[in-house]
Amino acid sequence: MYNKQYRLNQFLIDLAAFFEKYYSQGVTEIVVTEEDRSILITFSGDCHSRIELTSCGEEVIITFSESHWHIDNYNEPCDMNKIYWNAIHIIMDILDRKIGTYSFWNNDVYLGGASFELPIEEALLSARNTFKNTSEIHVKRWGSPTEIYKY
């Protein structure tokens with residue numbers, strides 16, 4: 001029986017191979033890197049778009065722009081299929097531009113940010129009240145340049 005870390009590593013390797021073979025829309029390069037006991041997968045796309053997936057710490061961590069997601073199933077016994085399902089859906093939603101990220105800045109100082117599902121206007125309006133010293137908001141969607149709104 002394989003342990004959780006091994007299974008997550010294999011999942012990411014298989015997922016990278018699947019995307020490389022069957023889903024090339026908007027993905028210009030996929031790099032698989034073995035690190036210590038974990039795997040790092042990097043998806044690159046147009047306009048400095050980049051998704052990183054790692055199996056570090058017996059969970060899948062997905063990073064896109066200013067946001068990241070920790071994918072795990074904390075129940076015992078662990079339901080690996082839930083981890084696989086959630087990771088695949090978040091990646092597909094990023095690649096299909098259903099999920100993007102935004103970040104608030106005061107000049108060069110990062111104030112905070114999050115991910116959003118469309119429409120973004122409501123998320124920005126709500127978050128704008130939290131980050132009152134904002135001079136810029138950066139919005140990133142897969143395959144598009146970062147949109148910068150100045151205040």
Hits in the stretch 65-85 - residues which are in contact (Cβ under 8 Å) with a residue 24 or more places away in the chain and not in a strand (DSSP E or B) = S65, E66, C78, M80, I83, Y84
ask   = Out of all the residues in the stretch 90-102, is one or more within 28 Å of T28 (Cα to Cα), open to solvent by 80 Å² or more (accessible area, probe 1.4 Å) and among the charged types (D, E, K, R)?
value = yes
task = Identify all residues within the stretch 95-123 that are closer than 16 Å to S65 by Cα and assigned to a helix (DSSP H, G or I); write none if there are none.
result = L95, I120
remark   = By residue number, the members of the stretch 1-11 that are in a helix (DSSP H, G or I) and either charged (D, E, K, R) or open to solvent by 60 Å² or more (accessible area, probe 1.4 Å) (or both) are K4, Y6, R7, Q10
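Just checking, does the stretch 5-23 include any residue being of a type in the set (V, I, T) and either modelled with pLDDT under 95 or closer than 14 Å to L95 by Cβ (or both)?
Going residue by residue through the stretch 5-23, those that are of a type in the set (V, I, T) are 13.
Keeping just the survivors that are either modelled with pLDDT under 95 or closer than 14 Å to L95 by Cβ (or both) gives none.
Scanning the stretch 5-23, I find no residue that is of a type in the set (V, I, T) and either modelled with pLDDT under 95 or closer than 14 Å to L95 by Cβ (or both), so the answer is no.
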request  = For residues that are part of a helix (DSSP H, G or I), open to solvent by 50 Å² or more (accessible area, probe 1.4 Å) and touching a Leu at 6+ places or on another chain (Cβ under 9 Å), scanning just the stretch 12-64, find the one that is nearest to T146 (Cα to Cα).
outcome  = C56
ask   = All but one of (1) part of a loop (DSSP other than H, G, I, E, B); (2) open to solvent by less than 60 Å² (accessible area, probe 1.4 Å) hold for N133; which doesn't?
value = (2)
message = Please count how many residues of the stretch 65-89 are in contact with a Gly (Cβ under 6 Å, 6 or more places away or on another chain) and either modelled with pLDDT of 95 or more or open to solvent by less than 10 Å² (accessible area, probe 1.4 Å) (or both).
response = 0
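The values are calculated or read from the model by the stated rules, or taken from the named source; none is laboratory data. If you're wondering where the values come from, they're calculated on a predicted model, not measured in any experiment. In this analysis, Cβ positions are derived from the backbone assuming ideal geometry, glycine residues included, and neighbour counts consider all displayed protein chains. Accessible surface is based on the protein model in full, side chains and every heavy atom, while ligands, DNA and RNA are left aside. Shrake-Rupley method; radii C 1.70, N 1.55, O 1.52, S 1.80 Å.
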